[in-house]
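The numbers here are math on the coordinates, done by the rules we state, and not lab data. Predicted model, so just to flag it, every value in this text is computed and none were measured. Note: ideal-geometry Cβ built from the backbone for every residue, glycine included; neighbour counts use all protein chains shown.
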Amino acid sequence: MKTAYGKAMTNSQNDKQLSPVYQLSDDYIEQLAASDPGLATALGIAGHDHEMTDFSPKGHADRDSITRATLKTLDTLETTNDKDRLAAGVLRSSLEMSCLEYDAGEHLRSIRVIAGDVDSARSIFDLMPTATAENWRTIAERMQAVPTAFAGMRESWSLGVKRGVVAPRRQALAVAEQLEAWAGKPSAPGFFTRFAESAKSVDGAPLEKLRQAAVDASQSMAETARYLRQQYANSADPRNGVGEERHALARRRFMGMNIDAREAYEWGFAEVMRLDAELAKTAKEIRPNARLDEVRHFLDTDPQHSIEGEENLRDWLQGLMDDAMAFLISEKHFDIPKEIHRVEAMISPPGGAAAMYYTSPSEDLSRPGRTWYPANGRTKFPLWSEPTTAYHEGVPGHHLQIGMATVNSKRLSRFQRNEFVSGHGEGWALYAERLMDELGFLGKPEYRLGYLYAQAFRAARIVVDIGMHCELAIPKDSKWHAGESWTPELALEFLSARSSSDDEFNRSEINRYLGWPAQAISYKLGERVWLSLRDDAKRKHGASFDLRAWHAYALDLGNLGLDLLKTELARF
């Protein structure tokens, strides 16, 4: 989640008599924002956009101190009503998880191609406003601090090496490659150089300061890439996976509940097989005499199923999400506040991860929610698999879920409005794809094939992620490499057979899973929980079950761990 300028709206502006739990949540967000300017920008909290986050050991230690002090205070507070009880539960879960991760040294090896320190330091510039000369002066000041931020990362990683707390070598080399792309070269200007030059259209923008800052920021990226290749990689973990102990900690972080790895692995494999059969059946509706891979190739290459140009793609995605929003409002499937009726489709800057993603509205709603689509150097885009992804990232997926939490300041604490537990959030977004299929939006065979590929892809993620990290063998009754150990090459083959994307994307995904353990399992396992809870409510209420009311009740809870979600939805 990321930001814009303008005064942030706090709970205290809406509720003058904050309970102690809500006040503590407010204070915690403010303290974190001061310690982590990137987070402040992401949330739309003014006053820190000129600063960069301190990624050094001291910066991490300062944030850990804030977390532990908040937890200590929370332990002294009474919860006198349901709102306080839930707000305290959500805050406590996150605080305790952060303490466990810090004690495990996770902050000293945050080297991964997505959602690591490197990605955070670069991507925060995507969310800064650029309309005025004053905006660009703020950007220039932040850009001047980029070299210090990257020096802090190298200091933390070096401390990790000394303590034997290291990231996998594969991730170090992948991030080095990422940094080199962003740093650029004379024949291919990097991210900061292109970003600085885009200020030329704004009168009064400090161009020379921006250009020099861009040079220095690019050099710091190149220096960090050399450090990773020439120094860190030699000491990095030679294994591809992280092992059961680290994976168990990550499962708890991303799911908000304890997950049995073997049960999830076996369920994922069975789900893959089920979806394989559905894919083959749907493909026959498109080309009856063709194999599944031939149908996919046809949809990828047929001009009638594609669109040319990044801007045309952006416009098409915007129209798709606008139509979905209008339908969901007019048919009263959801009561969507006017403040979040708009979600913007964006093309993400080159060099990052290959997957589409969402960034939330700022707290004051001056910046809307946005979906970001990586072009990855392409100019032609097959469309058959895009609707289901747009519904996942936009409406009724992340934008509806996160946007409604953002505006729900009377019910949710400030921390609740800004929390994100992946099993809950990504589980909802995958459930949202299913809901749009149930509502008939994926009625075209090619669109439904895209939806089924998305489902199969997420099921395959469970198998690949747990198999590689927990070193589980391929089942002995499998018709594919039975009993063998997982390797990145086998994972790529398994994943690609169930992916609607190209090889470049799928290779990027393998790096993502290996660097971000357990995050990938949260989608399908999270959806499994959402579906189970919906079934529970149907059984409980019988013919009087109201799906719209159930959705409203669930979304009003904000984002929370899945154990808490189960407890709260049992009250519906």
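Here are a few things to note about the model shown:
- Straight-line reach from residue 540: taking Cα to Cα under 28 Å and skipping same-chain neighbours fewer than 8 places apart, the lysines in range are 83, 332, 524, 566.
- Cβ-derived FRET efficiency at R0 56 Å, residue 285 paired with residue 58, nearest 0.05: 0.40
- For 192, 441, order by how many other beta-carbon atoms lie within 10 Å, fewest first: 441, 192
- Projecting the Cα atoms of 384, 258, 231 onto the dipole axis of the chain, where Lys and Arg carry +1 and Asp and Glu carry -1 at the beta carbon, places 258 farthest toward the positive end.
- Placing a pseudo-label 7 Å from each Cα along the Cα-to-Cβ vector at residue 203 and residue 30 gives an inter-label distance of 3.9 nm.
- Normalising the average separation of contacting C-alpha pairs (under 8 angstrom, six or more residues apart) by the number of residues puts the relative contact order of the chain at 17 percent.
- Within the shell defined by Cβ-Cβ distances under 11 Å, the residues around residue 166 carry a net charge of +4, with Lys and Arg each +1 and Asp and Glu each -1.
- Point-charge dipole on Cβ atoms (K/R +1, D/E -1) for region 253-524, about Cα centre, debye to 20: 560 debye
- For region 11-241: Kirkwood Rh in Å [reciprocal of mean 1/r, alpha carbons]: 19.3 Å
- Sequence ranges 76-82, 207-213, ranked by mean other-Cβ count within 10 angstrom, highest first: 207-213, 76-82
- Cα-centred dipole magnitude for region 54-119, charges only on beta-carbon of K, R (+1) and D, E (-1), debye, nearest 20: 20 debye
- For the chain, the Cβ-based charge dipole about the Cα centre amounts to some 420 debye (Lys, Arg positive; Asp, Glu negative; other atoms uncharged).
- Computed [θ] at 222 nm, deg cm²/dmol, the chain (DSSP H ≥ 4; -39,500 (n - 2.57); rounded to nearest 500): -19000 deg cm²/dmol
- Sorted by Cβ density within 10 Å, fewest first, the residues 391, 232: 232, 391
- Calculated on the alpha-carbon coordinates, the convex hull of region 253-524 measures out at 133 cubic angstrom per residue.
- Contour excess over end-to-end distance, with Cα ends at residue 338 and residue 260 and 0.36 nm allotted per residue: 23.9 nm
- Peptides 467-473, 198-204 ranked from most to least packed give 467-473, 198-204, packing being the mean of other C-beta atoms within 10 angstrom over each peptide's residues.
- FRET E, pair residue 235, residue 99, Förster distance 30 Å, beta-carbon r, rounded to 0.05: 0.70
- Using a Förster distance of 30 Å, the FRET efficiency for residue 17-residue 549 (Cβ separation, nearest 0.05): 0.55
- Its Cα gyration tensor gives region 287-433 an equivalent ellipsoid. The semi-axes, each the square root of 5 times an eigenvalue, are 30, 17, 15 Å from largest down.
- Label-point separation, residue 330 to residue 438 (7 Å along Cα→Cβ), nm: 2.2 nm
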